[in-house]
Amino acid sequence: MKVLIVEDENAAAKRLINMLHEIDESIVIEGVTDTIVGTLQWLESNQDVDLIFMDIHLADGTSFKIFDHIAITKPIIFTTAFDQYAIEAFRVNALDYLLKPIKKVELQVAIKKLTNRLQQQAFDYRELAQHLLKEEPAKRFLIKVGQSYHVIDLLEVAYFYTQDKITFLVTQEGKRYPVEYSLEKLEEIVDPKLFFRINRQFILHYQSIHEMHAYSKSRVKIILNPACKIDSIVSTERSPVFKKWITGDLEVNP
């Protein structure tokens, strides 16, 4: 089976490749792309694949935009952290998806299901993309800095933290902005599959975790990317829950 992987997180792509080879050594990774533009360029000259793994949120936008430029008839397994309503849309359209972090057992089931349908009629991914983009709620922050306003999409956020009674938003690019929300309110806004409140001071996106180290009293010290001058340590009472969350074993409600 020839596979294309569309994933903008290097560690996630490597982990997926390793799991695929563990499941079936005959699987051939034909290519790995990490942007909409790069994927389009790859597909224009390489259509000879049997299966595509496609992350929904890429560095340069949602991967659904790919279907505005090119018709893809090959089966796709989307990797996603979408809310439950979107997952239901996948089910209705008889498509496959995997929630991050991907589990090997679920990956095996998805591949088997897709393998059985390789010869069936092509899916209309463009129609599905338009449907999901229409339904996805906009979660953005309007931030005033001086006399200027900035709109920050929730998908751009690496983490939130408080300092001197002010809540700050830090983007994946390392830019910091004050926001008029408490961490308690932010917990209601963010997706619990993607964000976790590690203590009274931090809510972080799992992709912002660069390193994790054992710390005193069964706590976990996290090295963030982008870096933060304030120590980000998972509290003692939150550590057991955090460990389940980071491995995908924690049941959360969207």
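The values are calculated or read from the model by the stated rules, or taken from the named source; none is laboratory data. Every value quoted in this text rests on a predicted model; they were computed, and no experiment measured them. Glycine gets a Cβ as well: all are built from the backbone with ideal geometry, and neighbour counts include every protein chain shown.
Of the conditions (1) loosely packed, with under 15 Cβ neighbours inside 10 Å; (2) in contact with a Phe, Trp or Tyr (Cβ under 6 Å, 6 or more places away or on another chain); (3) modelled with pLDDT of 90 or more, Leu133 clears all except one; give me its number.
(3)
Can you confirm whether Ile76 is hydrophobic (A, V, I, L, M, F, W, C), assigned by TED's automatic domain parsing to the domain that holds Leu51 and modelled with pLDDT of 70 or more?
So Ile76 fits the description; yes.
Just for region 39-59: of the residues that are in a helix (DSSP H, G or I) and surrounded by fewer than 15 Cβ atoms within 10 Å (Cβ to Cβ), which one is modelled with the highest pLDDT?
The extreme case among them is Gln41.
State whether one or more residues within region 215-222 are under 23 Å from Ile102 (Cβ atoms) and touching a residue at least 12 places away in the same chain (Cβ under 8 Å).
Yes, region 215-222 contains a residue that is under 23 Å from Ile102 (Cβ atoms) and touching a residue at least 12 places away in the same chain (Cβ under 8 Å).
Please tell me if Ser45 is within 19 Å of Leu114 (Cβ to Cβ), hydroxyl-bearing (Ser, Thr, Tyr) and either in contact with a Phe, Trp or Tyr (Cβ under 8 Å, 6 or more places away or on another chain) or assigned by TED's automatic domain parsing to the domain that holds Ile102 (or both).
no
Are any residues in region 222-249 outside any strand (DSSP E or B) and among the polar types (S, T, N, Q), and if so, which ones?
Asn225, Ser235, Thr236, Ser239, Thr247, listed by residue number.
Based on what the data block shows, is Asp191 without any contact (Cβ under 8 Å) to a residue 12 or more places away in the chain, among the charged types (D, E, K, R) and surrounded by fewer than 17 Cβ atoms within 10 Å (Cβ to Cβ)?
Against the criterion (without any contact (Cβ under 8 Å) to a residue 12 or more places away in the chain, among the charged types (D, E, K, R) and surrounded by fewer than 17 Cβ atoms within 10 Å (Cβ to Cβ)), Asp191 does not qualify.
Report the residue count in region 20-38 for those that are part of a helix (DSSP H, G or I) and free of Cβ contacts under 8 Å to residues at least 24 places away in the same chain.
3
Which members of region 1-38 meet the condition of being within 13 Å of the chain's Cα centre (by Cα) and surrounded by 15 or more Cβ atoms within 10 Å (Cβ to Cβ)?
If the condition is that a residue be within 13 Å of the chain's Cα centre (by Cα) and surrounded by 15 or more Cβ atoms within 10 Å (Cβ to Cβ), then Val6, Glu7, Asp8, Glu9, Ala12, Ala13, Asp34 are the ones that fit.
Any idea which residue in region 201-221 is surrounded by the fewest Cβ atoms within 10 Å (Cβ to Cβ), counting only those that are part of a helix (DSSP H, G or I) and touching a Leu at 6+ places or on another chain (Cβ under 7 Å)?
Tyr206
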